[in-house]
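The structure appears right after this line, and notes come after that.
The values are calculated or read from the model by the stated rules, or taken from the named source; none is laboratory data. This structure is a prediction, so every number in the text was calculated from the model and none was measured. For neighbour counting, all protein chains shown are included, and Cβ atoms are generated from backbone atoms with ideal geometry for every residue, glycine included.
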Amino acid sequence: MLFSKIGLYVSALGACHCSIDMAYSQKVDNDHRDQYAPSAVVIMHEIKQDYNPIWYSTEMPAPGSNSYRRHLIDLKDELYRNYMPQQQSNLLREETDITSPEILSGWEGNLITSYVPNDNDLAISNGGMIVSVINSNIYIYDDAGTGLFVTSLQSFADTLGILDSKFDPKVMYDPRADKFVLLFLAGFDPEHTHVILAFSQTNDPLGAWNLYSLPGNPKDNNRWTDFPMFALTENELFLTINLIIPDEPWQTGFSETLIWQMSLDKGYAGDTLDAVYYDSIFFEGKPLRNLNPVKGGANTYGPDMFFLSNRNFDPANDTIFIVHVTGTLDDPETELTVDFGRSNIAYGVPPQARQFSTHIFDTNDGRVLGSFYENNQIQFVSNTLDPATGFCGVYHGVITDPTGAKTITANIIGDDTLDLGYPNISYSGKFTGDDQSIITCEHTAPTVYAGVSGIFFNWGGYSDLINIHTGDTYVNILSGAYERWGDYTGSQRKYDEPGVVWMSGTFGKYIDVFPFVQRNNATWIASLRSTVEPAVNVPVNSNMSPARLFPNPTADVFTTEINLSIAGIIECYLYDMQGRLVKSLLRAEGKAGNNHFQFSMAPLSTGTYQLYITLNSTALTTLPIIKN
């Protein structure tokens, strides 16, 4: 497998170290505050009757219609009809010695219902209970893959009395509360649009859940809610939804994205929810689309929350928008700010993904699909064009210091054979300050059936792409050539097992029901583990303040600035990522206060290293450094 290190329109200056004035900020509008009493309590395992009613069309949008999806298809056809991939020699392609993640387990998940798209998400508790959702049902498993219970979204919410079709489920596990949160939508018009939230009362998803129904048209302005995403802080839930204008062409059909902020513990307790929403989240007079809430890395963070957006329709763009809600909903000083930065590599609207013969997977637009915050960095992923091949690839970005300088660097993960789509990402670090993640995505090709893949990111370097599971057929459910691939995939860190990430995604399932053959979407659930151990697993010593590294990466001289609380003997050692000593660099006297250490990177090969520093023979810190 090969990895694209340079994407569209690469700046010769490298990363943009952005110091950009705030675009704007806003306070909470008290007119948008409300309270929502619980609508029902549901005992999951007591749901007996499940009619699982589903209605869907087997038609893709017809040519000439004004639909958003039809516009995307036309845009992609125009962009890539005469597209010629850049010559590989014009791109920096490099092999890596970083070990790929280990596949620990995997099994076929939620049963086929023929419903499309196969929107996958999952959450796993510290106790090993898994809640897996697709667009039609909820499955409960243990971590050995034993199916414990299944119900449809429709039956789970039946006591609410909402007849409208249920769709777009998302689920998260809260490691602080040791409980689950599940949400999905109902209804496709302003009169019948709802956001349904469910909070588990305990860590057992088979037990009681508190259900709440929020308005899908909270502004009462002829809109309905679509495409929810959410994340948790230490005490609150943040939800983003898109407001859609019915019966409008794609240019005017999107109204805006709202951010809901609400109490979390009250949901677990079944009390009345305090909630507020933010609207008019604009940049230069245009609403930001598809805000992705940034989940926690090693754990939840807070009380603030970050959100990401981009120019998801553009053939090429390097702008990343960063929205920040600075505090809790009951803090009068809480505000929402909008800022932006520019990446060193542009992303672009992804091409359609190839299947067998003329069958094609829909890849939607280039919106941010997954992200997390850890070590004062945000890592995120989205779909994009891979300019080295012309195929669909994964855009992986890192935002350092998101409330400050906003250095944004990115890479495009691509493959010479496969289209890669609908990625997600979770933190896989093993100690404080560790910088790892596992990225998972869907894959397909004319000669490779639909399945799921993974890649490991470690201190700036990437492993080879690994095949987690490949199906036994192409997908052919809809009439015509276009098939729905799913609008998202699931990914979650196993919070009590550092380095382990669980995922769910789509593969092609062949079903022989004589005299017919079905080529369906199916769900694959798997767990992966980081196999790279840092040379020295050392947290920052209390005798020093956080070190400042500059420049990093560099090809020349590397400098670190360290503030010591006590004087002592400093020793500096350089290790590679396999834990081998590369060079004993220096033994010197460190003074109380500010100190600098620098050395030349010239003798080193390109790659990632760790600088290990001791104070009076006691581990002081381990710092990642990158030679480019």
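Note on segment 325-349: residues that are at pLDDT below 95 and under 17 Å from the mean Cα position of the chain (by Cα) total 0.
Do we have Pro228 as closer than 23 Å to Ala198 by Cα and part of a strand (DSSP E or B) here? Answer is yes for this residue.
Taken across segment 254-264, residues that are of a type in the set (Phe, Trp, Tyr), surrounded by fewer than 17 Cβ atoms within 10 Å (Cβ to Cβ) and at pLDDT below 95 do not occur at all. Scanning segment 405-419 for residues that are without any contact (Cβ under 8 Å) to a residue 60 or more places away in the chain and either assigned to a strand (DSSP E or B) or among the hydroxyl-bearing types (Ser, Thr, Tyr) (or both) gives a single hit, Thr417.
Filtering segment 361-394 to residues that are more than 11 Å from the chain's Cα centre (by Cα) and aromatic (Phe, Trp, Tyr) leaves Phe361, Phe391. Residues of segment 387-404 that are of a type in the set (S, T, N, Q) and in contact (Cβ under 8 Å) with a residue 40 or more places away in the chain: Thr389, Thr403. If you go through segment 269-311 and keep only what is farther than 30 Å from Ala40 by Cβ, more than 22 Å from the chain's Cα centre (by Cα) and not in a loop (DSSP other than H, G, I, E, B), you end up with Phe282, Phe283, Lys286. Within segment 509-529, the set of residues being surrounded by 18 or more Cβ atoms within 10 Å (Cβ to Cβ) and without any contact (Cβ under 8 Å) to a residue 12 or more places away in the chain is empty. In this entry, Leu336 is excluded by the filter for residues that are assigned by TED's automatic domain parsing to the domain that holds Gly490 and within 18 Å of Asp74 (Cα to Cα).
Residue by residue through segment 355-390, note down the ones that are surrounded by fewer than 21 Cβ atoms within 10 Å (Cβ to Cβ) and among the small types (Gly, Ala, Ser). Answer for segment 355-390, where residues must be surrounded by fewer than 21 Cβ atoms within 10 Å (Cβ to Cβ) and among the small types (Gly, Ala, Ser): Ser357, Gly390.
Being in a strand (DSSP E or B) and more than 22 Å from Gln49 (Cβ to Cβ), is that true of even one residue in segment 203-210?
Keep residues of segment 203-210 that are in a strand (DSSP E or B), which gives 208-210.
Still in the running and more than 22 Å from Gln49 (Cβ to Cβ): none.
No, every residue in segment 203-210 fails to be in a strand (DSSP E or B) and more than 22 Å from Gln49 (Cβ to Cβ).
Out of Glu234, Glu248, one residue alone is in a loop (DSSP other than H, G, I, E, B) and within 18 Å of Tyr173 (Cβ to Cβ). It is Glu234. Being of a type in the set (S, T, N, Q) and closer than 16 Å to Leu258 by Cα is the requirement here; does Thr319 meet it? Considered against the rule, which asks whether it is of a type in the set (S, T, N, Q) and closer than 16 Å to Leu258 by Cα, Thr319 comes out as no.
Is it true that Phe199 is at pLDDT below 95 and within 27 Å of the chain's Cα centre (by Cα)? In short, no.
Of everything in segment 381-407, what is closer than 23 Å to Pro551 by Cα, among the hydrophobic types (A, V, I, L, M, F, W, C) and modelled with pLDDT under 95? Give them in sequence order. Spell out the reasoning first.
Here is the first cut: in segment 381-407, the ones closer than 23 Å to Pro551 by Cα are 396-407.
From what is left, the residues that are among the hydrophobic types (A, V, I, L, M, F, W, C) are 398-399, 405.
Once the filter is applied, which keeps residues that are closer than 23 Å to Pro551 by Cα, among the hydrophobic types (A, V, I, L, M, F, W, C) and modelled with pLDDT under 95, segment 381-407 yields only Ala405.
Filtered by the rule that a residue be in a strand (DSSP E or B), more than 23 Å from the chain's Cα centre (by Cα) and at pLDDT 95 or above, segment 152-185 gives no residues.
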